[in-house]
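The values are calculated or read from the model by the stated rules, or taken from the named source; none is laboratory data. All figures in this text were calculated on a predicted structure; none of them were measured in a lab. A quick note on method: Cβ atoms are made from the backbone with ideal geometry, for glycine too, and the neighbour counts reach across all protein chains shown.
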Amino acid sequence: MLPPLKTIEATLRRTTEALAAELASPGGAMPAWSDFDWRLASAAAAVHGVSPLLCKHSGWMHPPWRRFLECQHEHVAIRHRKIEMLLQQIDDLTRASGLAAVRLKGAALHALGAYAPGDRPMADIDLLIREDDLDRATRLLEGLGYVQCFDHWRHRVLKPATGSPPAVLGEHRDTPINIELHTHIRERLPVSTVDITDRIYPRAPRPGLNTYPSMGALMGHLLLHAAGNICAHSLRLMHLHDIALLAIGMPAAEWKFLWSEGTCWWAWPPLSMVARYYPQAVPDDVLARLANSCRPWLRMISRRQTLTRVSCSEVWLHAFPGLEWARSPTEAMRFIANRIRPPAEKKRERADMVRTQLWLHDQDWVTAPQRRRILTWLTRQAPRMDTMYVVRMALESTIPRVEESPGSTSAAELRAIVVK
């Protein structure tokens, strides 16, 4: 019998947690996995953006697996060079125009030397600018061959006028480099907005690309971003690794960012998850201080959550992801109401996703009438389209494989599971 989706669910959970353990503490014994397991491990590594890091830090020598990781590292290194060249062009252009921007997240971590070229993939370039400069920055980037793609409540997305993303598993050197222009650093948790822009934007920015005002500000942004992704069940292992890497070398005084101007109540769930997977990364006194500001209900649920549960390694959609982040009964009811009857803004976001996300092409779930979606949530489990897209790519991968063991399910049969 062919394995059902429950088998895919269990395998993704097992491989995801094993990869997280190996990345946090390299040198573990290589798992005795089947070909199916290794393929879903490649899906998990791609989803979580850690294939290049595993290539560098893990010693697991399963041949097809090693070839996959090495190929991913090469693609990320080539793409990183393109990103650095583009950042230099943006720096030159904004300096000449007197426009200030802050390089965010991955670009900032690379600028600090936290990662070597090829170690950390970057899906796009994130820049923080003043709201009054948004249109001017857009015009400058249009001069570099970019076009406005869509406006999201968090950012404006620009993409190259030519080129389209290749349909491949994981990273590819020819994937277009999008640019996201942020005028605010904020997240909805789950409906109320947390905004830390004033603490991220430099007090005296200079024309060109700027850095965060402090290491604590970078940490605060990484934690808020991770909190938003946990709330939306889209966390990546790369997010946890970023935080752990920064935390290990962060001076004690820098942690004060999280409580110097009102305690960041949202910081404890992602930081506590980092501490579980990277036990030596986060100071105990920091966790204890932040725990007091985190609501007991959220703290209790967060203690039980795993990376798999709040990431794309979770196969199933959830009707109310992030409900535990609501800070009052009124906010919880607002969140539930918005899920049952999405506001116009959410409908526009879905339309933009269908238009721009490769994994949603030919899929009708996002555009289905809300009554159909609700009926599905109530009557049966529905798989996540983004997760199943990556699973399908992993099962169809042309990476050479070791000979299948007797009695194992063939790749053709496994593809049929996903299609079904």
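Do we have PRO383 as under 30 Å from ARG67 (Cβ atoms), at pLDDT 60 or above and of a type outside the set (Ser, Thr, Tyr) here? Judged against the criteria, PRO383 is a match. Within region 72-114, the residues that satisfy the criterion of being in contact with an Asp or Glu (Cβ under 6 Å, 6 or more places away or on another chain) and not aliphatic (A, V, I, L, M) are GLN72, HIS75, LYS105.
Would you confirm whether any residue within region 72-90 is more than 25 Å from LEU209 (Cβ to Cβ), touching a helix residue (DSSP H, G or I) at 6+ places or on another chain (Cβ under 6 Å) and crowded, with 17+ Cβ neighbours inside 10 Å? The answer is yes; a qualifying residue exists.
The set of residues in region 251-267 being crowded, with 16+ Cβ neighbours inside 10 Å and part of a helix (DSSP H, G or I) consists of GLU254, TRP255, PHE257, LEU258, TRP265, TRP266, ALA267. Taken together, the residues in region 165-200 that are polar (S, T, N, Q), closer than 30 Å to CYS55 by Cβ and outside any loop (DSSP other than H, G, I, E, B) amount to 1. Counting only helices (runs of 4 or more DSSP H) that sit completely within region 268-322, those holding 3 or more residues that are surrounded by 15 or more Cβ atoms within 10 Å (Cβ to Cβ) and not aliphatic (A, V, I, L, M) correspond to 268-277. Only a single item in (1) under 25 Å from MET85 (Cα atoms); (2) more than 17 Å from the chain's Cα centre (by Cα); (3) outside the structural domain of ARG120 (by TED's automatic domain parsing) is not met by HIS239, and it is number (2).
Here is the figure for region 1-59: residues that are among the polar types (S, T, N, Q) and over 29 Å from MET122 (Cβ atoms) total 2. Is it the case, given these coordinates, that ALA96 is buried (at least 17 other Cβ atoms within 10 Å of the Cβ) and in a helix (DSSP H, G or I)? When the stated conditions are applied, ALA96 does not pass them. Does region 323-337 contain at least one residue that is buried (at least 17 other Cβ atoms within 10 Å of the Cβ) and in a loop (DSSP other than H, G, I, E, B)? Yes. Under the condition of being under 25 Å from the mean Cα position of the chain (by Cα) and under 20 Å from HIS184 (Cβ atoms), which residue from region 138-148 is surrounded by the most Cβ atoms within 10 Å (Cβ to Cβ)? Here the answer is LEU141.
Only one of the numbered conditions (1) charged (D, E, K, R); (2) over 21 Å from the mean Cα position of the chain (by Cα); (3) over 19 Å from THR193 (Cα atoms); (4) surrounded by fewer than 14 Cβ atoms within 10 Å (Cβ to Cβ) is not met by GLU345, and that is (3). In region 406-420 there is no residue that is modelled with pLDDT of 65 or more, under 30 Å from PRO165 (Cα atoms), assigned to a helix (DSSP H, G or I) and of a type outside the set (Ser, Thr, Tyr). A search for C-beta distances below 9 Å between a residue of region 138-167 that is without any contact (Cβ under 8 Å) to a residue 12 or more places away in the chain and any residue that is of a type in the set (Val, Ile, Thr), counting only pairs 6+ apart in sequence or on different chains, returns GLN148/THR138; GLN148/VAL157; ASP151/VAL157; PRO166/THR175. Considering region 191-239, the residues that are under 20 Å from GLU131 (Cα atoms) and of a type in the set (Ser, Thr, Tyr) include one that is surrounded by the fewest Cβ atoms within 10 Å (Cβ to Cβ), namely THR193.
Quick grid of which residues meet (1) in a helix (DSSP H, G or I); (2) in contact with a strand residue (DSSP E or B) (Cβ under 7 Å, 6 or more places away or on another chain):
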residue: PRO31; (1), (2): no, no
residue: PHE36; (1), (2): yes, no
residue: GLN72; (1), (2): yes, no
residue: ALA101; (1), (2): no, yes
